[in-house]
Amino acid sequence: MFVFRHNGICCPGKEAPLASPNPKLVDRRVQRTRRALRDAFHTLMAERGWDDVSIQSICERANIGRSTFYLHYDSKEQLLEGGLDDLRQALRCRPAWTSEGAPMCCRSCAD
């Protein structure tokens, strides 16, 4: 289940934009690139561990050039932090449930 924030309210059914150091960069191309980098990073971390993952290996796995990586992130540490920001945002926006068990728009509606 994906959520989307609008006017400070989370609504289920739409995908939330990925966390971005620059809020203007949330178009689909940026989302697709960041998702590819994040997925490649997670896969390589599981296979090799932190110390053996390089930016070059992330770029090769994601099929993205190094210059593109540096347009989005300064380091693999920042890539990791961006993934954690995405997780934090998703957890904040998870749908709430009424006492009858019906889904609400979001946790904000429960308050």
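No lab work stands behind these numbers, since they all come straight from the coordinates. Source: prediction; values computed, not measured. No Cβ is skipped: glycine too gets one built from the backbone with ideal geometry, and neighbour counts run over all protein chains shown.
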Search result, residues across the stretch 28-54 that are outside any loop (DSSP other than H, G, I, E, B), farther than 20 Å from Asp86 by Cα and not acidic (Asp, Glu): Arg48
Restricting attention to the stretch 41-97, report how many residues are acidic (Asp, Glu) and closer than 23 Å to Arg29 by Cβ. 5
